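Worksheet: one structure, shown below.
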């Protein structure tokens, strides 16, 4: 299965049911997560109990393939098309670039809105912002809280340009700059926003929540790996400090998954919800924005055509699954 297949699959599930019983869809995307960095893939260094709970009680998609970079991968997910057919098959969108996902493309949230869904995006966009029409609020999402570029500092929420000498603040609520989160950890901010959306949601209407985390993508060049001190204190068994910090970033990501699932349960909508957890591509083990992730035993990394770059962590959970505890080989 590829990332471009997930959009039509979710659409078919939404269309196959009546308006009253249409499932809620919660899509949680990690950024640059390594194949070997979840414990359901065998990691004994980084424990991910909340992600594991979805995987072991759902479907583990061990043959899920994506594009090797952020922008092409997200374009495939939100259109259901291979990026070669949307013009998004090249590099990621850099900070000053005047391009984006073509406005002629109909996105997954736009299609879901026609079926009566409330659609909300939280976290990373990275599909264009040089004109307002390219931003999430104009591409089918009723709301968006997060950032438009490819990465940011986990606390300051600024982005240092990849190949240019400038830095700017990038945290938005819809199309307005949002300053309230300065000093708070990005993963916590996005999780809190997702929980708020669930809590305020009218359960009579189906929900599509796209939670696209920054973690565990590297932050800015001057401080790429960041995790809260109390989280790092629990990971002292990892001697390498960079790897320990990366593990802390993944640990916070796992906590986020658990908190969102709990919010769905407290809202009494969990049993009518499909949850997809996936990484946009493999870990960046070397080169620009390297994060100390591990793609073992796969060869290669993010931005390469090898499996370490394109074969990604993915699982699907739903209480309605007939065949649970399954692994695609």
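The values are calculated or read from the model by the stated rules, or taken from the named source; none is laboratory data. Only a predicted model underlies this, so the values are computations on that prediction, with no experimental measurement involved. Note that each Cβ is placed from the backbone with ideal geometry, even for glycine, and that neighbours are counted across all protein chains shown.
Test residue 316 against the stated conditions and say whether it is within 18 Å of the chain's Cα centre (by Cα), crowded, with 18+ Cβ neighbours inside 10 Å, more than 20 Å from residue 72 (Cα to Cα) and in contact (Cβ under 8 Å) with a residue 40 or more places away in the chain. Break it down stepwise before answering.
Working: within 18 Å of the chain's Cα centre (by Cα): yes; crowded, with 18+ Cβ neighbours inside 10 Å: yes; more than 20 Å from residue 72 (Cα to Cα): yes; in contact (Cβ under 8 Å) with a residue 40 or more places away in the chain: yes.
Judged against the criteria, residue 316 is a match.
Pick from 68, 75, 53, 121: which is closer than 30 Å to residue 248 by Cα, modelled with pLDDT of 95 or more, assigned to a helix (DSSP H, G or I) and touching a helix residue (DSSP H, G or I) at 6+ places or on another chain (Cβ under 7 Å)? I'd like the intermediate steps shown before the answer.
Working: 68 fails: assigned to a helix (DSSP H, G or I); 53 fails: touching a helix residue (DSSP H, G or I) at 6+ places or on another chain (Cβ under 7 Å); 121 fails: assigned to a helix (DSSP H, G or I).
Every option except 75 fails the conditions.
Tell me, which residue of region 78-123 that is without any contact (Cβ under 8 Å) to a residue 12 or more places away in the chain and over 30 Å from residue 202 (Cβ atoms) is surrounded by the fewest Cβ atoms within 10 Å (Cβ to Cβ)?
104
Out of 161, 227, report the one residue that is within 18 Å of residue 32 (Cα to Cα) and surrounded by 14 or more Cβ atoms within 10 Å (Cβ to Cβ). Show your work before the answer.
Working: 161 fails: within 18 Å of residue 32 (Cα to Cα).
It is 227.
Answer yes or no: is there a residue in region 285-292 that is under 24 Å from residue 50 (Cβ atoms), touching a residue at least 60 places away in the same chain (Cβ under 8 Å) and more than 15 Å from the chain's Cα centre (by Cα).
Scanning region 285-292, I find at least one residue that is under 24 Å from residue 50 (Cβ atoms), touching a residue at least 60 places away in the same chain (Cβ under 8 Å) and more than 15 Å from the chain's Cα centre (by Cα), so the answer is yes.
Somewhere in region 16-33, is a residue more than 15 Å from the chain's Cα centre (by Cα), outside any loop (DSSP other than H, G, I, E, B), buried (at least 21 other Cβ atoms within 10 Å of the Cβ) and at pLDDT 95 or above? Lay out the reasoning, then the answer.
Initially, region 16-33 is screened for residues more than 15 Å from the chain's Cα centre (by Cα), giving 16-24.
This time we only want the ones that are outside any loop (DSSP other than H, G, I, E, B), so: 24.
Restricting the remaining residues to those that are buried (at least 21 other Cβ atoms within 10 Å of the Cβ) gives 24.
Of the ones still in play, those that are also at pLDDT 95 or above are 24.
Within region 16-33, one or more residues are more than 15 Å from the chain's Cα centre (by Cα), outside any loop (DSSP other than H, G, I, E, B), buried (at least 21 other Cβ atoms within 10 Å of the Cβ) and at pLDDT 95 or above.
Considering only residues that are in a helix (DSSP H, G or I), in contact with a helix residue (DSSP H, G or I) (Cβ under 7 Å, 6 or more places away or on another chain) and within 18 Å of residue 151 (Cα to Cα), which ones fall in region 203-246? Can you show your working first?
The first filter runs over region 203-246 and keeps only residues in a helix (DSSP H, G or I), leaving 229-235, 241-246.
If we keep only those that are in contact with a helix residue (DSSP H, G or I) (Cβ under 7 Å, 6 or more places away or on another chain) as well, we get 231-232, 235, 244-245.
Listed by number, the list holds a single entry, 245.
Being crowded, with 19+ Cβ neighbours inside 10 Å, in contact (Cβ under 8 Å) with a residue 60 or more places away in the chain and out of contact with any strand residue (DSSP E or B) (no Cβ under 8 Å at 6 or more places or on another chain): is that true of residue 248 here? I'd like the intermediate steps shown before the answer.
Details: crowded, with 19+ Cβ neighbours inside 10 Å: yes; in contact (Cβ under 8 Å) with a residue 60 or more places away in the chain: no; out of contact with any strand residue (DSSP E or B) (no Cβ under 8 Å at 6 or more places or on another chain): yes.
Against the criterion (crowded, with 19+ Cβ neighbours inside 10 Å, in contact (Cβ under 8 Å) with a residue 60 or more places away in the chain and out of contact with any strand residue (DSSP E or B) (no Cβ under 8 Å at 6 or more places or on another chain)), residue 248 does not qualify.
Looking at the structure I just gave you, is residue 117 touching a strand residue (DSSP E or B) at 6+ places or on another chain (Cβ under 9 Å) and under 26 Å from residue 289 (Cα atoms)? Walk me through it before giving the result.
Working: touching a strand residue (DSSP E or B) at 6+ places or on another chain (Cβ under 9 Å): yes; under 26 Å from residue 289 (Cα atoms): no.
Answer is no for this residue.
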